[in-house]
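The values are calculated or read from the model by the stated rules, or taken from the named source; none is laboratory data. This one's a predicted model, so the numbers in the text were calculated from it and none came from an experiment. As a convention, Cβ positions derive from the backbone with ideal geometry for all residues, glycine included, and neighbour counts pool all protein chains shown. Surface accessibility is based on the protein's heavy atoms, side chains included, excluding ligands, DNA and RNA. Shrake-Rupley method; radii C 1.70, N 1.55, O 1.52, S 1.80 Å.
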Amino acid sequence: MLKLFKLFALILCTHVYAHEYLNTSQLPNAQNRIPLKSKDFFIDIKADEQCDVRAMIDPSSINWFRFEDILLIPMARIKIRTKRVPPAAFITYKERTLNFQHSEKYSYAELNISLFENQPIEIKLFDKVLSIIDVQFRTPKKPKVLVDYSCSRNGIQIEGLENEYFSIGCRTKRIGKFGKEKPMLEVIWLSPDLRIKNSKYLPYHAAFLSQRPVQAEVENRQTGKSKVITIKAKIPKRLHRLFTAYGFGPYAFETELIEMDDDGNEISRESKTEPTVPALMFYINYKISETQSIRGFEAAVFKDSVFNNAGIYLGSDFGFALDNRLYFSTLIGVQHLYFQFDKDSEVISEPIFPQGIEFMYRHAFDDPNYIVSGGVFLSPTESIDYTNAWVRWGKNYFWELNYISWGKEEFKATTYGVSIGFPFKGFL
């Protein structure tokens with residue numbers, strides 16, 4: 001029984017120890033929103049003078065990386081040189097052991113370090129610590145706060161910061177029953193200058209279920225002074241899955257009617273060109289998950305001729321790039337098309353099956369929630385000539401440049417123009 005208890009205690013301690021450090025072995029690159037240089041750090045080396053330990057940050061290696069998809073942290077490569085040490089000597093950093101390269105006079109090593117964690121680098125010979133290397137930030141002249149774009153809709157505010165670096169990211173989770181879902185905002189943060197006393201687990205977490213602020217007592221690693229920081233966030237009362245929007249604008253409208261004889265020869269051709277006609281749009285987006293949604297649209301253009309194009313599609317995101325701000329979506333579904341050249345002509349009302357692809361670039365121009373997107377639908381069949389291409393841009397409202405062309409047998413319609421769109425309401 002005692003052996004079993006010791007085994008359980010060993011497993012538990014090992015599990016806890018594994019959470020002392022961030023797992024930074026394989027992290028995606030992130031946007032460099034706070035440029036860092038070698039002069040922003042200083043290296044504190046505790047070692048015997050006879051060891052002659054030297055260390056420096058390679059300035060070309062300083063980059064930002066994304067942890068858990070939402071927290072931005074900087075990393076760099078440090079170069080270490082010491083007087084030649086025995087082959088039994090080694091370096092420990094976090095949970096890694098590194099060996100030296102050796103020349104006749106010196107021993108060398110290079111390793112990647114996480115600059116916000118303040119974990120020491122130790123040079124050891126057997127159980128003896130020969131040297132401790134600490135990389136620390138120089139105190140900035142003002143707070144350098146990095147709020148990730150994942151927090152862009154939550155109005156994050158941090159009070160109590162002085163001359164410190166601070167990085168924070170957000171993740172919204174749905175809680176509650178379907179149709180009554182509410183948000184739980186999880187924030188994670190890290191600072192090279194601040195730590196929570198008696199806690200060795202990184203990064204630090206907090207959850208918001210309401211507008212009430214989160215407070216934490218922290219200690220400055222360099223000065224040892226304690227203070228309280230306050231994190232505030234805006235939390236909506238409800239999380240909807242179905243979103244709607246509408247749009248309108250002036251479009252050009254070109255239609256054509258071709259009369260054919262029984263042998264398929266053209267008898268006559270009549271066309272209409274309207275430089276400006278009213279165009280109405282309606283959009284829906286039902287969010288299934290973070291990467292999948294059901295998307296629908298309705299576009300109506302009318303004057304003497306009437307053209308109505310509606311579609312419903314499953315959108316699946318893929319191909320993320322540029323720090324996850326740019327991604328592409330496949331659009332697989334069906335459309336319905338209604339067309340009448342004039343009151344005396346035949347009415348076309350039928351399903352069509354063009355398929356599409358869309359791109360979206362979020363936080364464009366470094367403006368949170370500013371979106372530039374675009375896409376195209378094309379018909380996979382030769383019997384129907386169909387193209388629907390668009391580009392949208394905006395933030396609280398959006399502009400759309402759209403071109404739709406359809407043709408079948410003796411009918412043809414083309415419309416294009418610029419419209420303005422507005423979010424309408426959320427449901428479910």
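Each label was represented as a point 7 Å from its Cα along the Cα-to-Cβ direction; for F90 and I384 these points are 6.6 nm apart. If you run the Gaussian network model on the chain, springs between alpha carbon atoms under 10 Å, then out of Q50, Q355, Q335 the most flexible one is Q50.
Taken about its Cα centre, the range 251-355 carries a charge dipole of roughly 880 debye when the Cβ of each Lys and Arg holds +1 and the Cβ of each Asp and Glu holds -1.
Which pairs, out of K46/K94; K39/K200; K37/K128; K303/K395; K39/K225, put more than 22 Å between their alpha-carbon atoms?
K39/K200; K37/K128; K303/K395; K39/K225
Taking the charge dipole of the chain about its Cα centre, with +1 at Lys and Arg Cβ atoms and -1 at Asp and Glu Cβ atoms, the residue from G169, S316, H205 reaching farthest to the positive side is H205. The alpha-carbon of K272 sits under 20 angstrom from the alpha-carbons of these aspartates and glutamates, leaving out residues fewer than 8 places away in its chain: E254, E256, E259, D304, D342, D344, E346, D385, E409, E410. Using only alpha carbons, the range 279-428 has a radius of gyration to Kirkwood radius ratio (Rg to Rh) of 0.99. Between T291 and S103, take the C-beta separation as r, use R0 = 45 Å, and let me know the FRET efficiency to the nearest 0.05. FRET efficiency, T291 to S103: 0.30. When the helices of the chain are scored as -39500 (n - 2.57) per DSSP H run of n ≥ 4 and the total is divided over every residue, the value at 222 nm lands at -1000 deg cm²/dmol. Converting phi to 3J(HN,Hα) with the Karplus coefficients 6.51, -1.76 and 1.60 and the offset θ = phi - 60°, the range 299-307 yields 10, 10, 10, 7, 7, 6, 9, 10, 9 Hz in sequence order, with x at every glycine or proline. Taking Cα centre as origin and charging only the Cβ of basic (Lys, Arg, +1) and acidic (Asp, Glu, -1) residues, the dipole magnitude of the range 371-428 rounds to 420 debye.
For the chain, find the longest principal axis of its Cα atoms and tell me its angle to the long axis of helix 2-17, 0 to 90°, nearest 10. Value to nearest ten degrees: 60. Start at zero, step by 5 Å, and the Cα-Cα distances of the range 337-397 spread as 4, 15, 16, 15, 13, 12, 10, 8, 5, 2, 0 percent across the bins.
R0 = 41 Å: FRET efficiency of D344 with W393, Cβ-based, nearest 0.05? Efficiency for this residue pair is about 0.50. Ranking S60, Y93, I70 by Cα position along the charge dipole of the range 46-95, where only Lys, Arg, Asp and Glu carry charges on their C-beta atoms, puts S60 farthest toward the positive end. A simple spin-label model places the labels of F178 and L314 1.6 nm from each other, with each point 7 Å out along Cα-to-Cβ. Charged neighbours of Y370, selected by a Cβ distance under 12 Å, balance to +2 (K, R count +1; D, E count -1). Taking Rg and Dmax of the Cα atoms in Å as calculated from this structure, the corresponding entry among [x] 22.4, 67; [y] 21.4, 72; [z] 30.6, 103 is [z].
Cα centroids of the range 31-52 and the range 170-242: how far apart, whole angstrom? So the two Cα centres are separated by 30 Å. Subtracting the Cα-Cα distance of S210 and K37 from 0.36 nm times their residue separation leaves 58.4 nm of extension gain. For K232, a cut-off of 19 angstrom between C-alpha atoms picks up these lysines, skipping any fewer than 8 places away in its own chain: K144, K173, K182. For the residues A88, A279, A413, a GNM of the chain with alpha-carbon springs under 10 Å puts the largest fluctuation on A88. Charge dipole of the chain (Cα centre as origin; +1 on each Lys and Arg Cβ, -1 on each Asp and Glu Cβ, all else neutral): 3740 debye, rounded to the nearest 20. Across the range 409-419, rounded Karplus estimates of 3J(HN,Hα) from the backbone phi angles (6.51 cos²θ - 1.76 cosθ + 1.60, θ = phi - 60°) give 6, 8, 10, 8, 9, 9, 9, 7, x, 10, 10 Hz, Gly and Pro being marked x. Selection among G247, I267, G417 by position relative to the dipole of the chain gives G247 as farthest towards the positive end (Cβ unit charges, Cα centre).
With a 1.4 Å probe and all protein chains kept in place, how do F359, F67 rank by accessible area, largest first?
Putting F359, F67 in descending order of accessible area: F359, F67.
In a DSSP loop and with at most 15 other Cβ atoms within 10 Å, the trypsin sites (Lys or Arg not before Pro) in the range 203-232 are K225. Note on the chain: GNM, Cα springs under 10 Å; of E254, E400, E410, the largest mean-square fluctuation is that of E410.
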